[in-house]
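Remarks on the structure that follows.
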Amino acid sequence: MNRKKIIHKTIEAADGLSLGISMVVAVLIGIGIGYLLKKFTPYPWLFWLGVFWGISGAILNVYKAYKKQVKTYEEFVKRDELVKEIIQKEKNK
């Protein structure tokens with residue numbers, strides 16, 4: 001395997017790992033905020049509000065990653081169409 005392929009696979013793995021880590025961190029931060037709200041206010045249900053915020057943050061992270069992947073896919077489709085056009089022009093010469 002050449003060096004570029006190894007680097008590319010490493011970057012893809014790190015990108016997927018960072019999404020998983022960001023989901024876990026978002027939920028833990030939400031739980032932490034909920035715990036602090038519960039501890040310092042007389043409203044125990046604020047803990048669940050923090051949990052909800054954390055889960056919402058994790059879902060938002062997944063949505064952003066999805067949008068990024070769609071954009072990358074669209075760029076590949078455009079590139080493939082351009083390559084097909086160039087090949088077709090060369091055949092017609």
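Suppose only helical runs count, i.e. DSSP H with n ≥ 4. What mean residue ellipticity at 222 nm does that imply for the chain under -39500 (n - 2.57) per run, divided by all residues and rounded to the nearest 500 deg cm²/dmol?
Value at 222 nm, helices only, nearest 500: -34000 deg cm²/dmol.
Pairs from the table (4/71; 4/84; 64/84) lying more than 29 angstrom apart at Cα are 64/84. Applied to region 46-53, the Karplus parametrisation 6.51 cos²θ - 1.76 cosθ + 1.60 on θ = phi - 60° returns per-residue 3J(HN,Hα) values of 5, 4, 5, 5, x, 4, 4, 4 Hz, with x for Gly and Pro.
The calculated FRET efficiency for the pair residue 85 and residue 6, based on their C-beta separation and a Förster distance of 30 Å, comes to about 0.40. Segment residue 18..residue 72, full-extension length gain: 17.7 nm, with 0.36 nm per residue of separation and the alpha-carbon distance subtracted. Mind running the shape call on the chain? Use the C-alpha gyration tensor, a ≥ b ≥ c as the square roots of the eigenvalues: rounded below 1.5 for a/c, prolate if a/b tops b/c, oblate otherwise. Since a/c reaches 1.5 but b/c is at least a/b, the shape of the chain is classed as oblate.
Coordinate-derived values only; no laboratory data. The structure displayed is predicted, hence computed values, not measured ones. Every residue, glycine as well, gets a Cβ built from its backbone with ideal geometry; the counts of neighbours run over all protein chains shown.
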